[in-house]
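Below: the structure, in structure tokens.
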Amino acid sequence: MKTTKVLLIESARNSSESFAEPLSRKYQVQIAHSGKQGVEMAQDEMPAAIVLDAVSLRTSGNRISFSLRAALEQTPIVHIRAAEATGNSAADVLLVPPFTARKLTNRIDRLTVPAEGALLQVGPFSLNAQNQMLTTPWTEKKLTPKLVELMELFMVNLNNTLERRYIMQQVWKTDYMGDTRTLDVHIRWLRKAVEPNPRKPQYITTVRGVGYRFTVQGGADEAEKAI
């Protein structure tokens, strides 16, 4: 019996590219056809996760994501938007087409697993958020709460470049970008736990002028096999 409830926000005209059918194989799927309707349904139904298909709505979806976040502070949001879309999102995960339905369901599963003792695994990396423990092929390290949040954000956004502002919003709950030394320091600390050689990072890399990216060799396919 399908027990996980997922709200999909997509255009009513979105037929051939709809994610409704593949999602319905695994979840209880409810569909809203506008941002406003999505917010109302989310408040009424309290889904386990929300999928915002901004590509089908032909918008960046940023404003809708913030409306959803304001209405449901703790509900995970997966935001699908076009590669050319810019600006900040309030979502937990950003996905840019093309990608498979399996990748989408894997992202949802990572966001909705029970908190108690749950392991988030990507390739050779395993994170137990409750115990604040990160396991890698070369070490096991207890992280601070902020480092756990930062690592979790990277893991659910595997191979995606995360803007500095987006990271600050998700982990430190602020839009203030006047001083991002806190972020830089935490990245340095996290690299000491993740990288075999922190001075030559190969997993958490800097995207100059934009932000950071967490990459595992083999990409999304390797992460999916680890689930």
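Which condition number does R69 fail, the rest of (1) touching a Ser or Thr at 6+ places or on another chain (Cβ under 9 Å); (2) assigned to a loop (DSSP other than H, G, I, E, B) being met?
(2)
Name the residues in region 105-164 that are closer than 27 Å to R208 by Cβ, out of contact with any Phe, Trp or Tyr (no Cβ under 7 Å at 6 or more places or on another chain) and β-branched (V, I, T), would you?
Passing the criteria: V122, T144, V148, V156, T161.
Might you let me know whether region 44-60 holds any residue that is under 16 Å from the mean Cα position of the chain (by Cα), touching a residue at least 24 places away in the same chain (Cβ under 8 Å), surrounded by fewer than 19 Cβ atoms within 10 Å (Cβ to Cβ) and not in a helix (DSSP H, G or I)?
Yes: region 44-60 contains one or more residues that are under 16 Å from the mean Cα position of the chain (by Cα), touching a residue at least 24 places away in the same chain (Cβ under 8 Å), surrounded by fewer than 19 Cβ atoms within 10 Å (Cβ to Cβ) and not in a helix (DSSP H, G or I).
Taking R63 and the conditions (1) free of Cβ contacts under 8 Å to residues at least 40 places away in the same chain; (2) buried (at least 17 other Cβ atoms within 10 Å of the Cβ), which numbered condition does it fall short on, given that it satisfies the others?
All conditions are met except number (2).
Okay, residues lined up against (1) touching a helix residue (DSSP H, G or I) at 6+ places or on another chain (Cβ under 7 Å); (2) under 21 Å from R107 (Cα atoms):
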{"position": "A129", "(1), (2)": "yes, yes"}
{"position": "E152", "(1), (2)": "no, yes"}
{"position": "H186", "(1), (2)": "yes, no"}
{"position": "R208", "(1), (2)": "no, no"}
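Here's the yes/no breakdown for (1) at pLDDT 90 or above; (2) out of contact with any Leu (no Cβ under 9 Å at 6 or more places or on another chain); (3) part of a loop (DSSP other than H, G, I, E, B); (4) not assigned by TED's automatic domain parsing to the domain that holds W189:
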{"site": "E73", "(1), (2), (3), (4)": "no, yes, yes, yes"}
{"site": "V78", "(1), (2), (3), (4)": "yes, no, no, yes"}
{"site": "F99", "(1), (2), (3), (4)": "yes, yes, yes, yes"}
{"site": "I108", "(1), (2), (3), (4)": "yes, no, no, yes"}
{"site": "N131", "(1), (2), (3), (4)": "no, yes, yes, no"}
{"site": "V148", "(1), (2), (3), (4)": "yes, no, no, no"}
{"site": "E152", "(1), (2), (3), (4)": "yes, no, no, no"}
{"site": "M155", "(1), (2), (3), (4)": "yes, no, no, no"}
{"site": "L162", "(1), (2), (3), (4)": "yes, no, no, no"}
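What are the pairs, 6+ residues apart or on separate chains, where a residue within region 82-107 that is among the β-branched types (V, I, T) has its Cβ under 6 Å from a residue that is surrounded by 17 or more Cβ atoms within 10 Å (Cβ to Cβ)?
Pairs that qualify, where the first residue is among the β-branched types (V, I, T) and the partner is surrounded by 17 or more Cβ atoms within 10 Å (Cβ to Cβ), are V93/V78; V93/R107; V93/V156; V93/N157.
Scanning for something outside any helix (DSSP H, G or I), outside the structural domain of V78 (by TED's automatic domain parsing), at pLDDT 95 or above and aromatic (F, W, Y), does region 195-207 turn up at least one residue?
Yes, there is a match, as at least one residue in region 195-207 is outside any helix (DSSP H, G or I), outside the structural domain of V78 (by TED's automatic domain parsing), at pLDDT 95 or above and aromatic (F, W, Y).
Surrounded by fewer than 17 Cβ atoms within 10 Å (Cβ to Cβ) and touching a residue at least 40 places away in the same chain (Cβ under 8 Å), is that true of K36?
Judged against the criteria, K36 is not a match.
Answer with yes or no whether A70 is under 16 Å from A42 (Cα atoms) and either of a type outside the set (S, T, N, Q) or surrounded by 17 or more Cβ atoms within 10 Å (Cβ to Cβ) (or both).
yes
The values are calculated or read from the model by the stated rules, or taken from the named source; none is laboratory data. Just so it is clear, the model here is predicted, and its values are computed rather than measured. Every residue, glycine among them, receives a Cβ derived from its backbone with ideal geometry; neighbour counts consider all protein chains shown.
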